[in-house]
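Right, one structure below, let's go through it.
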């Protein structure tokens, strides 16, 4: 049995460990990158646009308001930790086509 490391559930909070690749053709999940979920973002890594785009994309996927998605760490890095509060959608759905 393998352990999933790219997300953690605590009550109504989902914490995601992400590896971000900005400047892609379209925003999409690209599988796993080590112990992180790799997401290709269409937004460029300029003036925080990639971070804003990532948070908005996650809010839409998890069906929560943007204010319930929080960048915990990695604002200037490809490695990020993001918390999603109050979603009823399982994180595993990010890996389903």
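Remarks
- Theoretical FRET efficiency, 1/(1+(r/R0)^6), r = Cβ-Cβ of residue 40 and residue 60, R0 22 Å, to 0.05: 0.90
- Residue 95-residue 72 pseudo-label distance in nm [points 7 Å out on the Cα-to-Cβ vector]: 1.9
- Ellipticity estimate at 222 nm from DSSP helix runs (n ≥ 4, -39,500 (n - 2.57)) divided over the chain, nearest 500: -4000 deg cm²/dmol
- Of (1) 33, 29, 23; (2) 106, 30, 16; (3) 36, 30, 25, the label for Cα extents along the principal axes in Å derived from the coordinates: (3)
- Protection-proxy order for peptides 47-60, 20-33, each taking the mean of Cβ atoms within 10 Å per residue, highest first: 47-60, 20-33
- The chain: most fluctuating residue of 82, 46, 64 per GNM, C-alpha cutoff 10 Å: 46
- Taking every C-alpha pair closer than 8 Å and separated by at least 6 residues, the mean separation divided by the residue count of the chain gives a relative contact order of 28 percent.
Throughout, read-outs are computed from the coordinates displayed, never taken from laboratory work. All of these numbers come straight from a predicted model, not from anything done at the bench. Positions of Cβ are backbone-derived with ideal geometry, glycine not excepted, and every protein chain shown enters the neighbour counts.
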